[in-house]
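The values are calculated or read from the model by the stated rules, or taken from the named source; none is laboratory data. Quantities reported herein were computed from a predicted structural model and do not represent experimental measurements. So basically every Cβ, Gly included, is an ideal-geometry build from the backbone, and we count neighbours across all protein chains shown.
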Amino acid sequence: MLYNTIDFGSDIMYDVIVIGGGHAGCEASLASARLGKKTLLITGKIKNIADMPCNPSIGGPAKGIIVREIDALGGEMAKNIDKSFLQMKMLNTKKGPAVRALRAQADKVTYQKEMQDTILNQKNLEVLEAMAEDLEVVDNKFKAVVLADGTQIEGKSVVITTGTYLKGMVLYGDTKISSGPHDEKPSLHLSDALKRIGFTIKRLKTGTPPRIKKDTIDFSKATIQPGDKELYNFSFSNTPNYNPDEQIPCHLIYTTPETHKIIKENLTKSSMYGGYVEGVGPRYCPSIEDKIVKFADKERHQIFLEPESLYYDDIYIQGFSTSMPRDIQEKMVHSLPGLEHAEIVKYAYAIEYDAIDSLQLKPSLESKIVENLYTAGQINGTSGYEEAAGQGLIAGINAARKIDGKEPIVLKRNEAYIGVLIDDLVTKGVIDPYRLLTSRAEYRLLLRHDNANIRLMKYGYDIGLIDKKEYKKFERLLRDIELLKELLKTIKITPKEETNNYLESLGSAKLLDSITLYDLLKRPEIEFESIKKYIEEDFDKDVIEQVVINIKYDGYISKENKEVEKMLEYEKILLSEDLDYSKVPNLAKEAVQKLNEIKPINVGQALRISGVNPADITMLLLYLKRNRNE
Amino acid sequence: MNDIIVAISTSLGKGAISIIRLSGEGCIQLVNNHFKGKNLTKVDSHTINYGYIIDNSKIIDQVLISVMKAPKTYTREDVVEINCHGGIAATNKILELMILNGARLAEPGEFTKRAFLNGRIDLVEAEAVMDLINSKTEKARIQSVNQLEGRLTNIIRKFRQELLELLANIEVNIDYPEYEDIEVVTIDNIKDKVKEMNTSLNNIIKESENRKIIKDGINVAIVGRPNVGKSSILNKLLGENKAIVTDIAGTTRDIVEGSITLNGIELNFIDTAGIRNTEDVVEKYGVEKSIEEINKADLVIFVLNNNEELTNDDIELINKLKNKKYITVINKKDLEQKLDISKYELNNVIYTDTISMDGIESLKDKIIELFNLEEIEQNDVDIFTSTRQITLAKECLPILKDVEEGVINNVPVDMVSIDIKRIWTLLGEILGENYSEELIDQLFSQFCLGK
């Protein structure tokens, strides 16, 4: 239901109020509403719900895996991109299955429209167009959200997902304008409210490249980058069904010596190099000026031209984010091949915004300072739609569960990238905007995109976001996997001449003894396709994929599982939230301070805190042991 | 925390007995798998059991094994202590055997750490234990770390750095698959690096083991049929009047060692007692006993009698010597030659006689030559100085092999990187830079290895 104004009668009390309708807010409000909680989503502009203010794509390495995890847990992002992509591509196909990742170019218009439809039609979910500017907190418990006009809306809990809108400041060269993306109003006072109630506020920065009018680009000077011929989907619930030839391509070009010259000559005019930026920018997503300064020996850099939508003509210049003033941007863009006469529709800009210190959060994403207050997305110092959505989903789920008196959902580092992400946030904190990378996961062979359902769908079902029908389908998949495994273990082939000739033709060694198909598949050169003819039954692609990966990479998977076991031993030793670490004898000062600040939930987490030494952990364990004995 | 840890509990070096201690779930079974004697899994707790440690039915050493079942043990876990002969070779061999079959080399102080974690002792006690273990070993430990200075540290550091760069590069390839600016790590990059590392590490290990021989001595077995003159050769080597043979009688573990120093290197003669005591009487040791000694020895002095024809026993021994460093001593050259060895390719043949010192100098020269003693003295080579370092380095070898195999089998680089990361961690442990993921090592690392 949609309200532009609400009649706030005396008995209106929401279970969960979500502030902000970005990717985190969408997942949080949908999850809470679907779990039967009376939910309100407050957003500055309804038409900006699920906006993609930066790159027009969803997924990619690590991120694509999060999207699948969101799906397995019962979130919306995967389903939504499946309805709105322009192009699908599986990345890292030449590498191992652990790092394969799906990425879609999104139609920004369709993506938003589909998500808005879902939100506006969701039972238990109301949407209010307004600016939240203050919070009412009583006895360190969340009480109400205060709107710009002074209206108070009471709720049992709140999830704050304000993205880059907290004191948003847009920069072009030396120009600095108080604004959110798309000239939207920023939230000017909410971060002051957060500061007042005890949050540490930090300033972060991000940026976005210019958008070019499509008709003014000469694509003949670019290399075409089409989508994959094979069909893919993010969601486990859909079977892909589209015409791969109708996918919209991207294009690749390179910077020219002229581009580099322009940038070098005008470096001090950029907001960054001119010293106009206070916020800390992301290391992994450098501006073009950064690339040219830091990698001076590179003669050229790749630039991708990506379509944003079928409904308008903007082309996103991936790899060309900058904070140069507009006149310089014109020159820079025109120095690119095929863009000599390009017309800039939107200029690139840098944006600064307030974020909280994520160390002030529990692994449930509830704050340690104010009970029933959750935060998710860029406000926690992350970057990326997928990272935001993953947190939003967990925050929404946990806000709803707390109302029911249930334990929060905390995913472990060996269970999900979402688990790695949140654990990093609440254990290590954030200095520059945090992007999830595969290298942040210790056990990435276990955290594959293909097995996200196997890892997480049971959680999704137990939480209540995966329905019975869907879950039955999943259980069938599990049964089929077992069935195929058994079959492969029982079917034997014998060293007949015909068989051996066949194996030789596949570049595989002759058989001397009979061998099970299971063992035959262990040979690196033997694909499932080659042995299919020995099996009568038909199996789904997904089933085969799981079985084959588990057979082929068994050795490596066992190695990782061994490491996981070690970690879980430490995670079993729980630490109480009430534990005052200054009472633990012989702890180093820094350790006391860090442990009291972070309040790890178990020894495994305590171990990952920087500044806490193994010796401190010894003292802690000793203290726990003595207390237990008393 | 329950994996099996193992360490040599007694100080490394010469001693009548060495104790190898294991702790953790399944350690009794593990030892029993390599034990000839009573079934250790069935014996009462806190009993001492006599038998042999065997490796694929080959006897490594005669031992006494203490079996102590949880919880009344030092660590509150199942504990096994293997009392073996004090020779470096046998002790290391048993340690290696346990590590190769599932035990993990204990970190410094890990037994005490477990005792502490399992609630057996508290921290104060732990510190007391630390004091007990005394500063001498502590110094020795620090010293052994310090000895790993200079070039070798740099070599290991360089390896680690290269691996780290490789890892970082692989990661970037994964996270930024479409960026051409970044060099793509290929199988070839990995193959070359790993090959180089494997060769280099292998050389260092080999050299280190050589040098350990220099430091700890060379175990020499004198074998041959009764009455060929083993005893006289031994006595001449030891020097008739200053034989430093010691004898600890009264236990089944009697070990008698004689040793001499050659070019500063110690030669330890195995089972000198056997030779001395039985030479004049009927020798009770058969060929089997000799073979056992051959296996234990770094160097075999194989003695034949010039005055007798070759027997089947001799031929059997000759066959066993093929892969060993050995010297053939043909004794009693002053007597009539009945021996004909022309059918056999025997190495390093030296003639001696029973009365004069003839040939003994050539024997000594031969030993020096065989072990390159002079050369090693002069060369300043890079070596690991502690068993811990050698063991860690050796642990890298099979993983390096995994990497190579992975590369050959076209396993994707991101999989191979799992192994590369592990090697990187192990090399770090050699440098003492990170005891990976070990929870509370800092404090306890002040302990010497094993306790």
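Below are the figures for this structure:
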| quantity | calculated |
| --- | --- |
| Selected residue (only one of B:Ile408, B:Ile341, B:Ile383, B:Ile360 is at pLDDT below 85, over 27 Å from the mean Cα position of the chain (by Cα) and closer than 30 Å to B:Glu429 by Cβ) | B:Ile408 |
| In region A:345-388, the residues that are small (Gly, Ala, Ser) and part of a strand (DSSP E or B) | A:Ala350, A:Ala355, A:Ser367 |
| Selection from region B:49-68 of residues that are modelled with pLDDT under 90 and either assigned to a loop (DSSP other than H, G, I, E, B) or within 15 Å of B:Leu95 (Cβ to Cβ) (or both) | B:Asp55, B:Asn56, B:Ser57, B:Ile60, B:Asp61 |
| Residue that is nearest to A:Asp107 (Cα to Cα), among those in region A:36-64 that are within 14 Å of chain B (Cβ to nearest Cβ) and touching a Lys or Arg at 6+ places or on another chain (Cβ under 7 Å) | A:Ser57 |
| Scan of region A:391-449 for residues that are within 27 Å of A:Glu565 (Cα to Cα), more than 14 Å from chain B (Cβ to nearest Cβ) and not in a loop (DSSP other than H, G, I, E, B), ordered by number | A:Gln391, A:Ile394, A:Asn398, A:Ile418, A:Gly419, A:Leu421, A:Ile422, A:Asp423, A:Asp424, A:Leu425, A:Val426, A:Thr427 |
| A:Arg455 being assigned to a loop (DSSP other than H, G, I, E, B) and assigned by TED's automatic domain parsing to the domain that holds A:Pro408 | no |
| Residue match in region A:3-15 (condition: modelled with pLDDT of 95 or more and outside any loop (DSSP other than H, G, I, E, B)) | yes |
| Residues of region A:120-141 classified as surrounded by fewer than 24 Cβ atoms within 10 Å (Cβ to Cβ) and not in a loop (DSSP other than H, G, I, E, B), total | 13 |
| Selection within region A:171-190 - buried (at least 23 other Cβ atoms within 10 Å of the Cβ) and at pLDDT 90 or above | A:Leu190 |
| Output for region A:480-527, where each listed residue is among the hydroxyl-bearing types (Ser, Thr, Tyr) and over 20 Å from A:Tyr553 (Cβ atoms) | A:Thr490, A:Thr494, A:Thr499, A:Tyr502, A:Ser505, A:Ser514 |
| Single match in A:Glu563, A:Glu537 (criterion: at pLDDT below 90 and either more than 14 Å from chain B (Cβ to nearest Cβ) or over 28 Å from the mean Cα position of the chain (by Cα) (or both)) | A:Glu537 |
| Among (1) surrounded by 17 or more Cβ atoms within 10 Å (Cβ to Cβ); (2) in contact with a strand residue (DSSP E or B) (Cβ under 8 Å, 6 or more places away or on another chain); (3) of a type in the set (S, T, N, Q), the one test that A:Ser235 misses | (2) |
| Region A:160-170 - residue that is assigned to a loop (DSSP other than H, G, I, E, B) and of a type in the set (Val, Ile, Thr) and, of those, surrounded by the most Cβ atoms within 10 Å (Cβ to Cβ) | A:Thr161 |
| Filter result for A:Glu154 (outside the structural domain of A:Leu305 (by TED's automatic domain parsing), in contact with a strand residue (DSSP E or B) (Cβ under 7 Å, 6 or more places away or on another chain) and acidic (Asp, Glu)) | yes |
| Residue that is surrounded by the fewest Cβ atoms within 10 Å (Cβ to Cβ), among those in region A:306-330 that are within 13 Å of chain B (Cβ to nearest Cβ) and assigned to a strand (DSSP E or B) | A:Gln318 |
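To keep it simple, each residue is scored yes or no on (1) in the same structural domain as A:Leu477 (by TED's automatic domain parsing); (2) modelled with pLDDT under 85; (3) not acidic (Asp, Glu).
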| site | (1), (2), (3) |
| --- | --- |
| A:Tyr553 | yes, no, yes |
| A:Tyr581 | no, no, yes |
| A:Gln605 | no, no, yes |
| A:Leu624 | no, yes, yes |
